[in-house]
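Q: Sharing a structure with you now.
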Amino acid sequence: MIVDDALRTPTADDTLRTPSAVRDAERWTAHNYHPLPVVIESAEGAWLTDVDGRRYLDCLAGYSALNFGHRHPALIAAAHAQLDRLTLTSRAFIHDQFAAFCQELSQLCGKELVLPMNTGAEAVETAIKVARKWGYQVKGVPSGQATIVVADGNFHGRTTTIVSFSTDPDARDDFGPYTPGFRIVPYGDLAALTEAIDDTTVAVLLEPIQGEQGVVVPPAGYLSGVRRVCTERNVLFLADEIQSGLGRTGTTFACDHEDVVPDMYLLGKALGGGIVPVSAVAADRSVLGVLRPGEHGSTFGGNPLACAVATEVVRLLATGEFQRRSAELGVHLHTALQKLVGQGLLAVRGRGLWAGIDIDPALMTGRQACERLAERGILAKDTHGSTIRLAPPLVVTVEELDHAVEQLAAVLRG
């Protein structure tokens, strides 16, 4: 891809389709999102093309759902092959893709069992249910008294249970009454987390890196400290790796940066290869084994099409290629971004090909910056005022990263 092509602006003679497409979307869609006025028609690798032929470098990657880029050939081939054979059976039967997916994902995670679902929120809900049942049946917590410790600034999904322990007013307000049983502590504060644990605590649920909060990395030693405390207090450590996992931070899981193995991995987004929604929880038999037939399930969870695609995702990760790319290119990206601190950026955070950048609010909001980046052929997403998240697909090149940073610098200069 020649990055200069991304700066092509339609001429006055072009018949633009974008304005009417945006109006139609606004007319017929509930306004639960505020998308940029870009209407994508096709994509390949790290690049997208809109309905008017303009090309954009994707620096969001579907919130890490597109870690392997758009339409990765191996993933598309797996989907096409499965579409010609079988797409859905429900879990009332076993299909021929199921065992391979569960086995290979279990081995990637170093766990004994996998429970497939569809969305990230379903994975989180599954983890909450399993942790509570484990607490009652294994730990001996009195019925109905289980508590789970979570962190402020968290983002684990949009269900009513999950937003009950959100500290983001946009996610939480006006959706009560709220589900009890959660204790919120400051993220990165091991002492506060330890203090919140008592005999009713069945789990600690954390993002190893908080994505929605602005790619917030906890202090060094925090995750290993959480692991130690959970072990000492007989509490499950649930790691929400839905955004941070599967190569995004330069390792298979973000927990790997501190050599931490949680009791349960919560996975999603990239597990579906940007083709189908796939999520899963992975844990040992001593944890997931508490479930019995009929106690939890999903009609589409672990369906043949999802398993075929996700198995190829696991095989891509098994080579280590994408983790290495993320680590090496991440150093390049963060080095380039750090040079902009003091030139419109206040701070840069993150790991691998994942960065949260704080723009000087005196210059512009994050939304305004993303709009101006889009005009320059770069797609990114703002969060919390003047913060932008950058998460390009792991197939991105050095040239493309440099192009993105150059356009960001131009936006900051005004």
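The values are calculated or read from the model by the stated rules, or taken from the named source; none is laboratory data. The shown structure was predicted, so the numbers you read here are calculated from the model rather than taken from an experiment. Neighbour counts run over all protein chains shown; Cβ positions are idealised from the backbone, glycine included.
Q: Any residue at all in segment 41-50 that is closer than 30 Å to residue 100 by Cα and surrounded by fewer than 18 Cβ atoms within 10 Å (Cβ to Cβ)?
A: yes
Q: For segment 320-337, how many residues are within 13 Å of residue 390 (Cβ to Cβ) and surrounded by fewer than 17 Cβ atoms within 10 Å (Cβ to Cβ)?
A: Total meeting the criteria: 1.
Q: Of the conditions (1) more than 15 Å from the chain's Cα centre (by Cα); (2) of a type outside the set (Lys, Arg); (3) under 14 Å from residue 79 (Cα atoms); (4) buried (at least 24 other Cβ atoms within 10 Å of the Cβ), residue 282 clears all except one; give me its number.
A: Just one mismatch for residue 282, condition (3).
Q: Same structure, new question: Hey, can you tell me all the residues within segment 328-349 that are farther than 19 Å from residue 243 by Cα, assigned to a helix (DSSP H, G or I) and among the small types (Gly, Ala, Ser)?
A: 336
Q: Would segment 54-67 turn up any residue that is assigned by TED's automatic domain parsing to the domain that holds residue 327, surrounded by fewer than 13 Cβ atoms within 10 Å (Cβ to Cβ) and farther than 27 Å from residue 120 by Cβ?
A: No, segment 54-67 has no match at all.
Q: Can I ask one more? Which members of segment 56-67 meet the condition of being farther than 10 Å from residue 275 by Cβ and either part of a loop (DSSP other than H, G, I, E, B) or within 10 Å of the chain's Cα centre (by Cα) (or both)?
A: The answer is 59, 60, 61, 62, 63, 64, 67.
Q: Further question on the same structure: Find the residue count for segment 329-357, including only residues that are within 20 Å of the chain's Cα centre (by Cα) and charged (D, E, K, R).
A: The number of residues fulfilling the criteria is 2.
Q: So for segment 174-184 (the condition being under 27 Å from residue 393 (Cβ atoms), modelled with pLDDT of 95 or more and touching a Phe, Trp or Tyr at 6+ places or on another chain (Cβ under 6 Å)), does at least one residue qualify?
A: no
Q: Tell me which residues, restricted to segment 304-319, are surrounded by 13 or more Cβ atoms within 10 Å (Cβ to Cβ) and either among the polar types (S, T, N, Q) or assigned to a loop (DSSP other than H, G, I, E, B) (or both).
A: 311
Q: Another question about this same structure. Of all residues in segment 359-398, which are touching a residue at least 40 places away in the same chain (Cβ under 8 Å), part of a strand (DSSP E or B) and either crowded, with 22+ Cβ neighbours inside 10 Å or not basic (Lys, Arg) (or both)?
A: Selection gives 359, 378, 379, 383, 387, 389, 390.
Q: Right, here's the next one. Are there any pairs, at least 6 apart or on different chains, whose C-beta atoms fall under 7 Å, with the first in segment 251-264 and in contact (Cβ under 8 Å) with a residue 24 or more places away in the chain and the second among the charged types (D, E, K, R) and assigned to a helix (DSSP H, G or I), and if so, which?
A: Short answer, once both residue conditions are applied: 260/227.
Q: Right, something else. Please state which one of 41, 125 is over 22 Å from residue 314 (Cα atoms), of a type outside the set (A, V, I, L, M, F, W, C) and free of Cβ contacts under 8 Å to residues at least 24 places away in the same chain.
A: Answer to the check: 41.
Q: Let me confirm something: among 301, 352, 356, which residue is buried (at least 21 other Cβ atoms within 10 Å of the Cβ) and assigned to a strand (DSSP E or B)?
A: Checking each option against the conditions leaves just 356.
Q: Another question, if that's okay. Which one of the conditions (1) in a helix (DSSP H, G or I); (2) in the same structural domain as residue 295 (by TED's automatic domain parsing) does residue 22 fail to meet, given that it meets all the rest?
A: Failed condition: (2).
Q: Kindly indicate whether any position in segment 85-106 is in a helix (DSSP H, G or I), more than 27 Å from residue 208 (Cβ to Cβ) and among the aromatic types (Phe, Trp, Tyr).
A: Scanning segment 85-106 turns up at least one residue that is in a helix (DSSP H, G or I), more than 27 Å from residue 208 (Cβ to Cβ) and among the aromatic types (Phe, Trp, Tyr).
Q: Right, next: Looking at 328, 375 in this structure, which one is in the same structural domain as residue 40 (by TED's automatic domain parsing) and more than 20 Å from residue 253 (Cβ to Cβ)?
A: Result: 375 is the single residue among 328, 375 that is in the same structural domain as residue 40 (by TED's automatic domain parsing) and more than 20 Å from residue 253 (Cβ to Cβ).
Q: Still on this structure, please answer the following. Kindly indicate whether residue 30 is assigned by TED's automatic domain parsing to the domain that holds residue 374, within 30 Å of residue 214 (Cβ to Cβ), at pLDDT 95 or above and exposed (fewer than 13 other Cβ atoms within 10 Å of the Cβ).
A: Yes, satisfied.
Q: Looking only at residues in segment 81-98 that are aliphatic (A, V, I, L, M) and without any contact (Cβ under 8 Å) to a residue 40 or more places away in the chain, which one is surrounded by the fewest Cβ atoms within 10 Å (Cβ to Cβ)?
A: Out of the qualifying residues, it is 92.
Q: Output the residue which, of all residues in segment 198-243 that are of a type in the set (Gly, Ala, Ser) and surrounded by 21 or more Cβ atoms within 10 Å (Cβ to Cβ), is farthest from residue 347 (Cα to Cα).
A: Top of the filtered list is 203.
Every residue, every condition in (1) out of contact with any Gly (no Cβ under 7 Å at 6 or more places or on another chain); (2) surrounded by 21 or more Cβ atoms within 10 Å (Cβ to Cβ); (3) modelled with pLDDT under 95, yes or no:
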| position | (1), (2), (3) |
| --- | --- |
| 100 | yes, no, no |
| 106 | yes, no, no |
| 110 | yes, no, no |
| 121 | no, no, no |
| 130 | yes, yes, no |
| 137 | yes, no, no |
| 141 | no, no, no |
| 145 | yes, no, no |
